[in-house]
1. For A:K221, list the aspartates and glutamates whose Cα falls under 12 Å from its own Cα; do not include residues on the same chain fewer than 8 positions away.
2. Which of A:I163, A:I30, A:I117 moves most in a GNM of chain A, Cα contacts under 10 Å?
3. Could you size up the charge dipole of the stretch A:13-307 around its Cα centre, putting +1 on the beta carbon of Lys and Arg and -1 on that of Asp and Glu, and report it in debye to the nearest 20?
4. What does the C-alpha gyration tensor say about the overall shape of the stretch B:35-143? Classify as rounded when a/c is under 1.5, otherwise prolate if a/b is larger than b/c, or oblate.
5. Compute the label-point distances linking B:D225 to its equivalents in the other copies; points lie 7 Å from Cα along Cα→Cβ; give nm, one decimal, shortest first.
6. How far apart, in nanometres, would the label points at B:D257 and A:A284 be if each is projected 7 angstrom from Cα along the Cα-to-Cβ direction?
7. Taking the Cβ of each residue in B:H255, A:H100, A:H285 as the centre, tally the other Cβ atoms inside 10 Å and list the residues starting with the fewest.
8. Provide an ascending nm list, one decimal, of label-point separations from A:D64 to the equivalent residue in each further copy; define each label point as 7 Å from Cα along Cα→Cβ.
Number of protein chains: 2
Amino acid sequence: MTAPSQPTAAPPFAARLAAAITARRTPSCIGLDPRRESLPPALGAASINEPKALADIFATFCRDVIDVVAPLVPIVKPQLACFEAIGPHGMTALADVISHARSKGLLVLADGKRGDIGSTAEAYAEGWLAGPWAADALTVNPYLGHDSIEPFVKMAEARGAGIFVLVKTSNPGSKDFQDLICDGKTNYEYVAASVEALAARTAGAGRFGAVGAVVGATWPKQLDDLRAAMPRTWLLVPGFGRQGGRASDVRGAFHPDGLGALIVSARDVIYAHARPEMNAGLAAHQWQTAVDRACHEMIERLAADTPAAALRG
Amino acid sequence: MTAPSQPTAAPPFAARLAAAITARRTPSCIGLDPRRESLPPALGAASINEPKALADIFATFCRDVIDVVAPLVPIVKPQLACFEAIGPHGMTALADVISHARSKGLLVLADGKRGDIGSTAEAYAEGWLAGPWAADALTVNPYLGHDSIEPFVKMAEARGAGIFVLVKTSNPGSKDFQDLICDGKTNYEYVAASVEALAARTAGAGRFGAVGAVVGATWPKQLDDLRAAMPRTWLLVPGFGRQGGRASDVRGAFHPDGLGALIVSARDVIYAHARPEMNAGLAAHQWQTAVDRACHEMIERLAADTPAAALRG
C-alpha cells in the first residue's frame, strides 16, 4: 500500500525510453485499445457475451498485436478504459497484456489519466507503477493540482517509472478549460510550466525527467511552443492518424536529434485489417500482416517527415 | 460496448438520490476506502500478502461496514483507487461490494475521477454506469472539456444514473489550476457554469439534474457561492472530518430544505475502531459497533449544525 522505502535497481524511465527509441530507431507508440466491435472478425468476438471469454479474446488480440510490433517500436500504450469496460476479467487480461509486452522487451505506458489527492493518488500509483499492473509509466490528470501529482512523481522515481501529465489534449473540447487565458497565459501553459519544473527536478544529471506531458497531434502550433518551453520534458503525442494529425503536424514535438517525443497511433495500426490499403490480398486470419504493414507505414511516415529521421543515423 | 439504445426503466438518479436522502433523513455519504494498514486488526489483514486473500478481506470489511450503515444513510462511495491498488482481485471485490450495497438498498457512487475523450469516455461510462460494476453514479474529471463529459452524461441519462464533476476539490493544491483567474472568473467557476448548464438540461421537469459537482468541505465560502450559482446541481462535499471540514463549514452546500448536498465522511466512520471516543468499552472484534457510533455521530452533527436539520421534519 505504500511506496517502497528503497528505490529499485531500475534505471530512470527517461533513460530507458531514450534507449528504446534509439534502439528501434523510431518514436512510435502503439495504442492498445481493444473494442469488441472493432476486432478482427477472425477472433470471433462478435458472438461472445460471457465477460471472461471476451476478456480472453482481448488478451489474445493484444498479445498478437504485441508479437507483431515488439521488434519494431519501443513502447505500447494500453487504454485502461477498454479493459475496465468489460469488468474484472478485463483487468486480469490487462495484467496479462502488460506482462506479455514487457516480456517482449517493450516499455508499457498505462493510459488511465488517473488523478486524486494524497493517499488516494498513492493508491493509484501503487496499482499502476509498482503493484499488480506494474507498467513503466502512467498518464495523469492535473486538474487537482501539484499535491495530487506529487505522489505519482514519488512513486515513479522510486520505481524507475514515469508519468505523463495531460497538458493540451487532442480533442476539440480541450479548448473549453485548457485554453482559458489567465493573466496572459493559458491554463495549459501553467500546467506545462509545472510539468517542466518536475521534469527538471527529476532529471538529475540526465537529459529528460520522469515527468512528461501529453500534447495532442491536432495542435501543431502548441506543439512547437511547448517543445520550446519544456526542453527536459518527454512529449506524448496522441491524435496521429484517425484523429487527424499528420506526420508534418508533429514535427514540432521533437528535438533536432529525433528524441523528446513519442507519437501514438492506435486504431490505424491495430485495426489495420479494416483498411483497404493495408488488407490487400489478405485472408481474414492474416490480420496480423495488416498490423505489420500499418506499423511499418507509421514508422516510415515519421521518418520521412519529422526529425525522427535523425534516429536512422 | 455501446450505450443501450433504450433507456432503462430506472427513474432519474437525481430523483432517486432525493428520495433516499429524504427516507434516511440525512445527507451523509460514507466513503469506502479499504487500506490494509488501516483495517480493524480483527480482520487479520496485516499478515496477508496474497492478493486474492487481501481482496477477500477488503470485500468482507466493506460488506460489514455496509451492513452497519445501510439502515442509516442513503449512499456509499467506494474509492476505486483502493481496490485498483491491489490488482484484478481488488476489482472483483469492488464488484461484490457494489452489488452488496445495492442489495441493501443503498445507492452507490463510484469515486474514480475518470475522464477521457470520445469512445474512451464511452468505455469508462459503460464500465461504471452500465456494465460490470453498474454503480448509480461516477465522479468525473473535467480537464479534457465538454466533449469528454458528454459521453458520461449520455450514459447517465440512458441508465438513470448520475455523474459528479470535479469543480473545486478539497486539497490545498486545488488552488494551483482550479483557482486561476481568467477574465475575472476562476477556472473552477467556468467548470461550474458548464455543470449547472448540464444539470438544468438533464433535470427536465425535475428539480435537480443528472450532473452534480464535487466541492470540498474545506472551502466554505466557495460552497456558499457555488450553491447560489448552481441551483439545480447536486453538490458532493468531501473533506468533512479528517480533512478538516466541520459541520458548520458545509452549511452553504444545502438548499434551505436540507436537499442539494451530499456530505462525505470516510476514515472517521469506517476506521472508527481507532478513535478513542468511539471504541470505548469495545473488544477488537466489535469494530462494527464503533462504525455504528461514528456514523450516528456524523448524522447528528449534520442535523445539529446544517440545513439537513430540515430533513428531520
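What follows draws every value from the coordinates through simple rules; no lab data is involved. Worth saying up front: this structure is predicted, and the values here are computed from it rather than measured. As a convention, Cβ positions derive from the backbone with ideal geometry for all residues, glycine included, and neighbour counts pool all protein chains shown.
1. Straight-line reach from A:K221, under 12 Å: A:D249.
2. Maximum fluctuation in the GNM of chain A, among the listed residues, is at A:I117.
3. On the way: 29 positive and 31 negative charges, 98 e Å.
Roughly 480 debye for the stretch A:13-307.
4. Details: a/c = 2.21, a/b = 1.40, b/c = 1.58.
Since a/c reaches 1.5 but b/c is at least a/b, the shape of the stretch B:35-143 is classed as oblate.
5. 2.6
6. Each label point is offset 7 Å from its Cα along the Cβ direction, giving 5.8 nm.
7. Ascending Cβ contact count within 10 Å gives the list A:H285, B:H255, A:H100.
8. 4.7
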